[in-house]
Amino acid sequence: MAMDIETPTDGGTRIEAVMEAIRSRIAARSLVPGSRLPSIRSLAKSMSLSSSTVVEAYERLAAEGIIRSRPGSGFYVTAPAVPMSIADIGPRLDRQIDPLWVSRQSLEAADEILKPGCGWLPPSWMPDEAIRRALRTLSRGDMAALTNYETPLGNPRLRELLARRLGDYGVTASPGQFILTESGTQAVDLLCRFLLEPGDTVLIDDPCYFNFQALLRAHRVRMVGVPYLETGPDLARFEEVLKTETPRLYITNSGVHNPTGATLSPVVAHRLLMLAAEHGLTIIEDDIFADFEDVPAPRLAAYDGLDRVLSVGSFSKTLSASFRCGFIAARRDWIDSLCDLKIATSFSSGHLGAELVLAVLTDGRYRKHLQDLRVRLARARQETAERLGALGFRPAIVPRAGMFLWCELPEGQMADRLAQACLADGIILAPGNAFSLSQSANRFMRFNVAQSDDPRLFGSLQKAMAG
């Protein structure tokens, strides 16, 4: 097979030129699936290239799945991949709104899709220089961080740093009371495996972070919701559920509540813990939004001393969702059992992710990043509230920190209908019932203010409300 390409001068370009010539022949069907490619020696001779250049080109094409090596026989063109359907690109318009609706839509969306309903910051809001600096440093360091399993409890230096950080919120814990996980979600999952049996009752906020519902359903437990108010859960309803339903576990956010942005008050926190002690209730406190706060809100783990309360966190919201590093802070006598369960279910947490998190957290730029981020979010909350207010949306709570506005819709509007209508415009929203176990929040919607600065959002909402 003659290959009609010019011989470039640059080695890297030579390899790419060989690859492109073979791709072109496959696209033109002069090379069909099953066709044998020229031998490395004959192609190199016909193109006046070195054999090593052709070897590298073939190896790269094989890595892409375009060709396949048959030992002792040569390289052959593989069968073509199944063509991608245009319908597979972008969000599904027919998916029912459920606890996974926002996550699936947001994670699957193409870059041009607007995501004011998602739960993370745009890439441009992340500390890119600190991340790049940490990556460069680790790439020149010990290979263990790049190749080895992590120890069962996780990076000891990071656990020591976490102990000091939680101390800033009044939580007294030693590094030995921490276990690192792949994420905050894995931390909650691990604790659910540890604490629950199928059929147990779990108490959750209504509304609450939708993935709590999805995760608990995977554990086949029964959920009971308690209304979440501006200062915490409705204590009268909370006590009633404890007496009538005997739940084993309560899962909540207390720093910055998701989705409402509410802040737990000291009075509610104290009464809640008294009720938990009285009824033998264990609490998972998901503190993933801690770094958004200027002034820390009360922490159940601080009042409780990590007795009945387990603290969970990660760094996906303020640092990077790609690092996948979370943690659990728990009472000492639970750590060994949790560690065994972690090994049984995931063997190890990410060594590289923990090293990267440690490198960024100990870089002075991260503290400056958080200061700037809090100011930027405060401005975005005000601007987004004003633009939504012009359309008749009203924040149910004015949050002190964080990225969320939990808004009541204008009279006569329903969140599920607006979400489906805006999805057709390439805009992913977070309708209230995705967060509500009782399905009583269809007059509410959560907006991520960091993802809500595009005029297309407000134009689509206005059109959807008029439709």
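The values are calculated or read from the model by the stated rules, or taken from the named source; none is laboratory data. Just so we're clear, the structure is a prediction, and the values are computed from it rather than from any experiment. Ideal geometry is used to build each Cβ from the backbone, glycine not excepted, and the neighbour counts take in all protein chains shown. With ligands, DNA and RNA removed, areas are computed over all heavy atoms of the protein, side chains included. Shrake-Rupley method; radii C 1.70, N 1.55, O 1.52, S 1.80 Å.
Remarks
- Some residue of segment 317-338 being under 24 Å from residue 122 (Cβ atoms), touching a residue at least 40 places away in the same chain (Cβ under 8 Å) and surrounded by fewer than 19 Cβ atoms within 10 Å (Cβ to Cβ): yes
- When residue 420 is tested against the conditions (1) open to solvent by 10 Å² or more (accessible area, probe 1.4 Å); (2) under 30 Å from residue 372 (Cβ atoms); (3) in contact with a Leu (Cβ under 9 Å, 6 or more places away or on another chain); (4) of a type outside the set (Val, Ile, Thr), the lone failure is (2).
- Checklist (1) touching a helix residue (DSSP H, G or I) at 6+ places or on another chain (Cβ under 6 Å); (2) farther than 19 Å from residue 163 by Cβ applied to residue 326, failing item: (2)
- Output for segment 138-162, where each listed residue is at pLDDT below 95 and either at positive phi or open to solvent by 80 Å² or more (accessible area, probe 1.4 Å) (or both): 140, 142, 143, 147, 148, 149
- From the options 21, 17, residue that is modelled with pLDDT under 90, open to solvent by less than 20 Å² (accessible area, probe 1.4 Å) and farther than 17 Å from residue 70 by Cα: 21
- In segment 377-399, of all residues being in contact with a helix residue (DSSP H, G or I) (Cβ under 7 Å, 6 or more places away or on another chain) and among the charged types (D, E, K, R), the one that is least open to solvent (accessible area, probe 1.4 Å) corresponds to 381.
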